[in-house]
Amino acid sequence: QTIRRDLLALEEEGFVSRVHGGAYIEGGTTNEINISLRRTTHSAQKQQIAAVCERIIQNGDSIFLDSSTNSIQIINTLASFSGISLIMVGGNFDKKSQSFYGTRALEFVRSYHVDKAFFSCRSINYKSGVMDSNEKTSDIRRMIIDQSDRAYLCVDSSKFGANSFVSICNFDALTGLITDHIP
């Protein structure tokens, strides 16, 4: 009971955000949020964003989904659909994000060209652009922007206005911004 009361007080003061199964600190330029928490936060907004992305994808498109969607669970889900050719990025595996990174992953992404890329970020603001909390993720995202005809940033409105550790790109690198709303 005391922990719940403490978490509620911290949430009311704006220090943490409570989610099913725990809490996380939103601030900090290098703060990474575990994929199990990311999956449960802002889920209604993420469903709205996914519906828009679905309308953008046309039959025959080659697409890239970044580490915000490239989890083992999503790969297993996509593998069950007929008519989808699934190619997985390899390299070093990060358990926290359930994604691959490093030199081998970058070489892999560099060897492909896609019609449309859908990616996310840790934060976005008008001055610094699109930012992330670590270099390994930002490197992959930067590479896939370069290797795609169209790059769509997919973020819920909680990502606006903050700064993070490393830049991914400026707004001119984007084809579009898909969000639940712009604050």
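Annotations for the structure displayed:
- The set of residues in the range 135-156 that are in contact (Cβ under 8 Å) with a residue 40 or more places away in the chain and either under 16 Å from Ser99 (Cβ atoms) or under 13 Å from the mean Cα position of the chain (by Cα) (or both) comprises Lys136, Thr137, Ile140, Arg141, Ile144, Tyr152, Cys154, Val155, Asp156.
- Restricting Ser128, Ser123, Ser111 to those that are farther than 19 Å from Ile57 by Cα and either touching a residue at least 60 places away in the same chain (Cβ under 8 Å) or within 11 Å of the chain's Cα centre (by Cα) (or both) reduces the list to Ser123.
- Looking only at residues of the range 142-157 that are open to solvent by 40 Å² or more (accessible area, probe 1.4 Å) and assigned to a strand (DSSP E or B), we find that the one that is farthest from Gln48 (Cα to Cα) is Asp149.
- Scan of the range 125-141 for residues that are surrounded by 22 or more Cβ atoms within 10 Å (Cβ to Cβ) and either modelled with pLDDT of 95 or more or small (Gly, Ala, Ser) (or both), ordered by number: Val130, Ser138
- Listed by position, the strands (runs of 3 or more DSSP E) enclosed by the range 56-135 that each have at least 3 residues that are closer than 18 Å to Gln147 by Cβ and in contact with a helix residue (DSSP H, G or I) (Cβ under 7 Å, 6 or more places away or on another chain) are 114-119.
The values are calculated or read from the model by the stated rules, or taken from the named source; none is laboratory data. Bear in mind that the values here come from a model prediction, so they are computed numbers and not experimental data. Every residue, glycine among them, receives a Cβ derived from its backbone with ideal geometry; neighbour counts consider all protein chains shown. Only protein heavy atoms, including side chains, enter the accessible area calculation; ligands, DNA and RNA are left aside. Shrake-Rupley method; radii C 1.70, N 1.55, O 1.52, S 1.80 Å.
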